[in-house]
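Heads up, the thing below is written out as structure tokens.
FYI, it's all coordinate maths here, none of it is from the lab. Since this is a predicted model, take the numbers as computed values, not measurements. All Cβ positions, glycine included, derive from the backbone under ideal geometry; neighbour counts span all protein chains shown.
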Amino acid sequence: MSAISLDHVTLSVGAGSPLLADVGLDIAEGAFVGLLGPNGAGKTTLIRAILGLHPTARGRISVLGHPVRQGNPAVGYLPQTHTARPDIRLSGRAFLASSLNGHRYGLPILTRAARREIDWALEAVDGTALAKRPFSAMSGGQRQRLLIAEALIGRPRLLLLDEPLISLDQHQQHVIVTLVRRLSKEFGLTVLFSAHELNQLLGAIDQVLYLGGGTAVLGTVDEVVNPETLSRLYGTPIDVIRSKGRIFVMSGGEHIERDHHDHAHL
């Protein structure tokens, strides 16, 4: 059974051209997949569609053998922009407790099972030390670690992470990617990890799902990240340069993944 299946899926936003048109693919259970593509290619929209938050214009999306639906407990989600303000004074444990029962910043009375679930999630991300630390006093990497713990509550089988590396330095990026890779292996999680640059994920992902030009290509890095495939996706000649273990996607002398990235995503 596939973790995620797209059957002739078309996704649109507004009256413009579809972000994805008649796309079919299957992501295997337990796979760690990097989700990449130029700005406006539809990465966030695809994640929202898998969550049941954005309707397909055509076709069907299945998650773990069932049609998508909102609030699926088998799916954990870390959004690109979190609602928590950086100045909130809740401790890490209280932050997780407030999200467990749908409270934004309240302090709900938890059952023993809920307390155990919070303890498990913190331990899973090596975040036990964050339990008493105020959210506002955490580094960017620590906050992301806590937010991943939040996504793990309920013990999902599929984890959707929308640009979790934004605003993190290179070391913190490596720590978060390594953590997610370990979680995927340890708990058999399928992971769809959106990023704006392939090098952030090299050595961790099993496959890459590259979006562009209304279509999508799923495969290993070598199968997807090559001039022929990416030139078709971008609709312009693309060079792929490999140097010292890194891969650079270039067009006209510009590093496309870096130079064309901003924070307004579809």
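Numerical summary
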read-out	value
Estimated 222 nm signal from helices in the chain, with DSSP H stretches of n ≥ 4 weighted -39500 (n - 2.57), rounded to 500	-8500 deg cm²/dmol
Choice from Val225, Val217, Val175 with maximal GNM fluctuation in the chain (Cα, 10 Å cutoff)	Val175
GNM flexibility winner over the chain from Ser99, Ser231, Ser17 (Cα, springs under 10 Å)	Ser17
Selection from Leu218, Gly252, Ile205, by position along the positive dipole direction of the range 165-266 (Cβ)	Ile205
Test item: Cα-centred dipole of the chain, Lys/Arg +1 and Asp/Glu -1 on Cβ, debye	1140 debye
Net length gained if the chain between Ile109 and Arg232 were fully extended (0.36 nm per residue, minus Cα distance)	38.9 nm
Gyration tensor (Cα) of the range 148-244, equivalent ellipsoid semi-axes in angstrom	26, 15, 12
Gaussian network model of the chain, Cα within-10 Å springs - most flexible of Leu165, Leu130, Leu201	Leu130
Calculated from backbone phi, Karplus (6.51, -1.76, 1.60) coupling profile of the range 118-124 in Hz, x at Gly/Pro	5, 4, 5, 5, 5, 5, 4
For the range 161-266, size of Cβ-based charge dipole, Lys and Arg +1, Asp and Glu -1, in debye	320 debye
Ratio Rg/Rh [Cα only; Rh per Kirkwood] for the range 1-63	0.95
Stokes-Einstein D (µm²/s) once Rh is taken as the Kirkwood radius of the chain over alpha-carbon pairs, at 20 °C in 1.002 mPa s	112 µm²/s
Neighbour count of at most 15 Cβ within 10 Å plus DSSP loop: longest trypsin sites (Lys or Arg not before Pro)-free window in the chain	133-243
